[in-house]
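Presented below is the structure to which this report refers.
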Amino acid sequence: MKKDLNKNPWKTLESKTVYNNPWIEVIENKVINPSGGDGIYGVVSFKNIAVGIVPLDNDYNTWLVGQYRYTLNEYSWEIPEGGCLIGSESTLIAAQRELLEETGLQAEKWTEILKMHTSNSVTDEVAYTFVAQGLRKGDAAPEETEELEVMKLPFSKAIDMCINNEITDAFSIGSLFKAKMMIEKKML
């Protein structure tokens, strides 16, 4: 007999919000787990969809954004990324806004290349990545909470940074390697 992969083996008995702010809600669920035991399951629910951008010029250069990440207590190099308020704008419009805000770049061509669940054991966050091509320079306008450094580099160097653990952000690593595969297959 073939197993129904879409059948949820978990049973939720009760849910309650234990923390809520403008960006996240933390929900604690009383559950019956797949083996029949009682338990709790915490879920971090995001109020934004994550959007990321891999900008590529005609010479296969890209741009990374560096900033100090409070949660990690360390500096992080990443693709330009930000949030799309659920229900208020499209992921493409949000990606276009974030690229301009963080790097000052605008693009003529946008290709969605990735849908990703960033840490699906504890969060419902979904992320989308676009490759931006046909680039032109404008003025960056980072948010007041961002102290950003922007770096232009060969795309191959960004891949090397992933391999050498100089880029550790999961969304950036997934996005850069997906773009690499699509470049190699001449899909970009």
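Picking from residues in segment 35-88 that are assigned to a loop (DSSP other than H, G, I, E, B) and touching a helix residue (DSSP H, G or I) at 6+ places or on another chain (Cβ under 7 Å), the one that is farthest from residue 13 (Cα to Cα) is 60.
No other residue among 29, 73 is of a type outside the set (Gly, Ala, Ser) and on the phi > 0 side of the Ramachandran plot apart from 73.
Right, residue 111: in contact with an Asp or Glu (Cβ under 9 Å, 6 or more places away or on another chain), among the hydroxyl-bearing types (Ser, Thr, Tyr) and closer than 28 Å to residue 186 by Cα or not? For residue 111, the condition - in contact with an Asp or Glu (Cβ under 9 Å, 6 or more places away or on another chain), among the hydroxyl-bearing types (Ser, Thr, Tyr) and closer than 28 Å to residue 186 by Cα - is not met. Taking the criterion of being in contact (Cβ under 8 Å) with a residue 60 or more places away in the chain and either among the basic types (Lys, Arg) or closer than 27 Å to residue 179 by Cβ (or both), the residues of segment 45-57 that qualify are 46, 49, 50, 51, 52, 53, 54, 55, 56, 57.
Residues in segment 21-34 that are among the polar types (S, T, N, Q) and outside any strand (DSSP E or B) were compared, and the one that is farthest from the chain's Cα centre (by Cα) is 33. Name the one entry in 111, 91, 118 that is within 12 Å of the chain's Cα centre (by Cα), polar (S, T, N, Q) and modelled with pLDDT of 95 or more. Only one candidate qualifies: 91.
The values are calculated or read from the model by the stated rules, or taken from the named source; none is laboratory data. Bear in mind that the values here come from a model prediction, so they are computed numbers and not experimental data. Positions of Cβ are generated from backbone atoms using ideal geometry, with glycine treated the same way; all protein chains shown enter the neighbour counts.
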